[in-house]
1. Which of the residues that make up region 1-26 are polar (S, T, N, Q) and touching a Ser or Thr at 6+ places or on another chain (Cβ under 9 Å)?
2. Can Leu59 be described as open to solvent by less than 50 Å² (accessible area, probe 1.4 Å), touching a helix residue (DSSP H, G or I) at 6+ places or on another chain (Cβ under 7 Å), within 14 Å of ligand 1 (Cβ to nearest atom) and part of a strand (DSSP E or B)?
3. Scan region 26-36 for residues that are within 20 Å of Gln164 (Cα to Cα) and away from ligand 1 (no atom under 12 Å from the Cβ) and jot them down.
4. With Arg24, Arg19, Arg9 as the choices, which residue is more than 18 Å from the chain's Cα centre (by Cα), more than 16 Å from ligand 2 (Cβ to nearest atom) and either closer than 19 Å to His183 by Cα or not in a loop (DSSP other than H, G, I, E, B) (or both)?
5. For region 132-140, indicate whether the set of residues that are closer than 22 Å to Arg194 by Cα, open to solvent by less than 10 Å² (accessible area, probe 1.4 Å) and of a type outside the set (A, V, I, L, M) is non-empty.
6. Looking only at region 89-117, filter to residues that are polar (S, T, N, Q) and part of a loop (DSSP other than H, G, I, E, B); which one of those is surrounded by the most Cβ atoms within 10 Å (Cβ to Cβ)?
7. Considering only region 187-241, how many residues are within 20 Å of Ile4 (Cβ to Cβ), open to solvent by less than 50 Å² (accessible area, probe 1.4 Å) and touching a Pro at 6+ places or on another chain (Cβ under 9 Å)?
8. Any residue in region 37-55 that's without any contact (Cβ under 8 Å) to a residue 12 or more places away in the chain and more than 7 Å from ligand 1 (Cβ to nearest atom): show its pairings with residues that are in a loop (DSSP other than H, G, I, E, B) and open to solvent by 20 Å² or more (accessible area, probe 1.4 Å) at Cβ separation under 9 Å, as long as the two are six or more apart or on different chains.
Amino acid sequence: MLAIDGVSRRFANGVEALRDASLRLGQGDFVALLGPSGCGKSTLLRLIAGLDRPDSGRLVWNGGAPDIGFVFQDATLLPWATAAENVFLPLRLRGQGWADAAPQVGAALARVGLSGFEAARPRELSGGMRMRVSIARALVTRPKVLLMDEPFAALDEFTRHGLQADLLKLWAELRCTVVFVTHSIYEAAFLARRIVLMTPRPGRIACEIASPGNLARLDPAYAALVAEITTALSHEAEGRL
Ligand code: ADP
Ligand code: MG
């Protein structure tokens, strides 16, 4: 679906955010970009989204750039608008009227478990619910690719576990391609089928670890995967990757 070849990005202040990153993205993949703060995860995601351009290397979409949904760490909702109006926004920007869009908006909110909250304003919703609205807004246009930049990082662990499980259900239903940025090993191991480990200064892709997927949190295979990622990280820190 997407070929990223030898992509580098250096900012005007001299920071080398990304050096020679290469990655293939397949239709229906669930990829985690995992690494510490400052290793270039957001930079790579912005390049994939087309919000920034590399200094060298290239990104080539097979069949042209698809529709992309983007979810940030903050829900970034319009505070004066209801949940439904927030989800309606991308459709409105495309020129759709409310009468036409209402069923899509209702379905998107239902998909994230927010039926009955259409009229709620962001301040009336919990952090987890606000993030659900944000995900519904990203999905309402049925994008082929969903880019998520630490969407659950600000949530408590209980809420986060619920959203992670629901995201996996959504992914199975919608069969979209997900690139999920996180600095949590546990989160990457729980969600992704492909875990791409990144390292800072300069930001680069260190290695990729495959997951069988559908791992329950108490599954010994989940613990083994977390151990495998942790081992790769320590090898990387010792300069062995
Ligand atoms: P991550 O998302 O992994 O935390 P980023 O991709 O945001 O990392 O940033 C990688 C590095 O590039 C960091 O050192 C960051 O400070 C720097 N950086 C990011 N964006 C810019 C920018 N627009 N201008 C200058 N430096 C930037
Ligand atoms: Mg970031």
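The values are calculated or read from the model by the stated rules, or taken from the named source; none is laboratory data. Because the structure is a prediction, the values reported are computed rather than measured. Don't worry about glycine lacking a Cβ; one is built from the backbone with ideal geometry, like all the others, and counts go over all protein chains shown. These accessible areas exclude ligands, DNA and RNA; they are computed on the full protein's heavy atoms, side chains included. Shrake-Rupley method; radii C 1.70, N 1.55, O 1.52, S 1.80 Å.
1. Ser8
2. No: the conditions fail for Leu59.
3. Of everything in region 26-36, those that are within 20 Å of Gln164 (Cα to Cα) and away from ligand 1 (no atom under 12 Å from the Cβ) turn out to be Gly28, Asp29, Phe30, Val31, Ala32.
4. The conditions single out Arg19.
5. There is no residue in region 132-140 that is closer than 22 Å to Arg194 by Cα, open to solvent by less than 10 Å² (accessible area, probe 1.4 Å) and of a type outside the set (A, V, I, L, M).
6. Gln96
7. Summing the residues that are within 20 Å of Ile4 (Cβ to Cβ), open to solvent by less than 50 Å² (accessible area, probe 1.4 Å) and touching a Pro at 6+ places or on another chain (Cβ under 9 Å) in region 187-241 gives 3.
8. So the pair list comes out as Arg46/Asp52.
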